[in-house]
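Trainee: The structure's right below; bear with me while I get my questions together.
Every read-out reported here was derived from the displayed coordinates using simple, explicitly stated rules and does not represent laboratory data. Values in this document were obtained by computation on a predicted structure and should not be read as measured data. Neighbour counts are summed over all protein chains in view; Cβ atoms, including those assigned to glycine, are modelled from backbone coordinates with ideal geometry.
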Amino acid sequence: MCGRFQLSVKGKHISERFNVEVFDEMYKPSFNCAPGQNLPVITNTEPGKLSFFKWGLVPFWAKDPKIGNKLINTRAETILENPSFKAAFTRRRCLVPANGFFEWKKGTKKIPFRVLLKNENLFAMAGLWETWKDQENNMLHTFSIITTQPNELMTPIHNRMPVILNREQETVWLKSTNSDELISLLTPFQSDEMEVYPISDLINSPFNNSQSVISNVKPDTLKPPF
DNA sequence: CCAGACGTTGTT
DNA sequence: GTCTGG
DNA sequence: CCAGACGTTGTT
DNA sequence: GTCTGG
């Protein structure tokens with residue numbers, strides 16, 4: 001799955017890479033982006049700017065916004081069958097910019113890993129967004145990250161991974177209205193363009209947010225199967 | 001027809 | 001809102 | 001995802 | 001164990 005990620009670059013880089021307007025008073029780099037936080041996304045309806053939405057999708061018909069705590073991810077395989085996601089898939093898609101994401105490998109001890117592109121570039125995860133209104137009509141904007149099967153690199157660590165789009169796919173994801181074409185984007189990213197390394201437990205607490213949370217704890221064991 | 005659910009992950 | 005179950 | 005809380009009553 | 005908050 002994807003329950004934590006990293007977006008620790010300067011606003012200028014996001015602006016250049018995704019061709020969006022970034023307001024520096026809104027954007028703060030983070031080594032530890034966690035569910036429940038307001039985080040930057042690029043929406044299909046306003047693709048020229050960064051929007052700040054809360055991670056954890058609240059469907060517009062929900063009675064209780066707490067459901068968002070559970071909907072931080074959306075399974076690609078069932079996205080069209082799910083009442084919670086169908087409408088958003090059709091009309092409200094977004095990109096979630098990141099320069100790393102984190103997964104925990106289960107074992108006798110739970111070990112966190114950082115996953116990134118080999119070239120250390122920014123990338124975009126595929127997401128859905130929603131607008132929910134409370135009784136006073138106050139709006140709440142939320143999003144969810146789409147997950148798919150793991151690629152070869154991820155398989156030793158976890159049974160899911162976020163959908164990462166390449167540059168051409170990013171445009172399609174925001175602009176297409178063809179369901180088949182959109183669905184065809186939701187596949188595992190190329191393993192040979194990615195890398196992974198183990199990090200310390202510092203990542204576990206969402207309150208830790210410094211460079212140290214992404215420090216490699218075992219420099220000699222960069223390659224799977226560890 | 002109405003009522004009630006609507007999710008992912010991992011683990012057992 | 002939309003689907004499933006009764 | 002992980003961390004941390006998880007309750008009621010009445011009184012201050 | 002299960003839910004909420006970050």
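Trainee: Loop sites only, by DSSP: take the GluC sites (Glu not before Pro) in chain A that have at most 11 other C-beta atoms within 10 Å and name the longest stretch containing none of them.
Mentor: On the way: sites that count: A:Glu25, A:Glu81, A:Glu120, A:Glu136.
Looking at chain A, A:137-226 is the longest stretch - no exposed GluC sites (Glu not before Pro) with at most 11 other Cβ atoms within 10 Å.
Trainee: Cut-off under 28 Å on the C-alpha distance; same-chain residues fewer than 8 positions from A:Lys70 excluded. Which lysines are left, in chain and number order?
Mentor: A:Lys28, A:Lys49, A:Lys54, A:Lys86, A:Lys105, A:Lys106, A:Lys109, A:Lys110, A:Lys133, A:Lys175
Trainee: Next question, about the same structure. Of the residues A:Trp61, A:Trp104, A:Trp129, which exhibits the maximal mean-square fluctuation in a Gaussian network model of chain A defined by a 10 Å Cα contact cut-off?
Mentor: Comparing A:Trp61, A:Trp104, A:Trp129 in a Gaussian network model of chain A, the most mobile one is A:Trp61.
Trainee: Right, next: Once amide H atoms are built 1.01 Å from N in the peptide plane, which residues 5 or more positions from A:Gln37, or in another chain, come under 5 Å H to H?
Mentor: Hits under the 5 Å cutoff: A:Trp55.
Trainee: Then there's this: Can you tell me how the stretch A:87-131 classifies by the Cα gyration tensor, rounded, prolate or oblate, using a/c under 1.5 as the rounded cut?
Mentor: Numbers: a/c = 4.46, a/b = 1.65, b/c = 2.70.
Judged from the Cα gyration tensor, the stretch A:87-131 comes out oblate (a/c at least 1.5, b/c at or above a/b).
Trainee: Over the C-alpha atoms of the stretch A:88-180, what are the Rg and the largest Cα-to-Cα span, Dmax, in Å?
Mentor: Calculated on Cα positions, Rg and Dmax stand at 16.0, 48 Å.
Trainee: P(r) of the stretch A:1-65 in 5 Å steps, Cα pairs, percent per bin?
Mentor: Here the calculated profile for the stretch A:1-65 is 4, 16, 23, 24, 18, 9, 4, 1.
Trainee: Could you work out the pair-distance distribution P(r) of chain A from its alpha-carbon pairs, with 10 angstrom bin width and percents rounded to whole numbers?
Mentor: Going from the shortest bin to the longest, the percentages are 8, 34, 38, 17, 2, 0.
Trainee: Next question. If I build a Gaussian network model for chain A, linking alpha-carbon pairs within less than 10 angstrom, which residue out of A:Met125, A:Met139, A:Met154 has the largest mean-square fluctuation?
Mentor: A:Met139
Trainee: A further question follows. When the Karplus curve 6.51 cos²θ - 1.76 cosθ + 1.60 is applied with θ = phi - 60°, which whole-Hz ³J(HN,Hα) does each residue of the stretch A:3-19 get, with x for Gly and Pro?
Mentor: x, 6, 8, 10, 9, 10, 8, 6, x, 4, 5, 5, 4, 6, 5, 10, 6
Trainee: While we're here: Enumerate the calculated ³J(HN,Hα) couplings along the stretch A:142-159 in order (Karplus 6.51 cos²θ - 1.76 cosθ + 1.60, θ = phi - 60°), each rounded to whole Hz, writing x wherever the residue is Gly or Pro.
Mentor: Karplus-based 3J(HN,Hα) across the stretch A:142-159 equals 9, 8, 9, 9, 7, 10, 9, 5, x, 7, 4, 5, 7, 3, x, 9, 7, 9 Hz.
Trainee: Using a simple charge model, +1 on the beta-carbon of Lys and Arg, -1 on the beta-carbon of Asp and Glu, nothing else, what dipole does the stretch A:4-221 show about its Cα centre, in debye to the nearest 20? Walk me through the intermediate numbers first.
Mentor: Details: 26 positive and 23 negative charges, 115 e Å.
My answer is approximately 560 debye.
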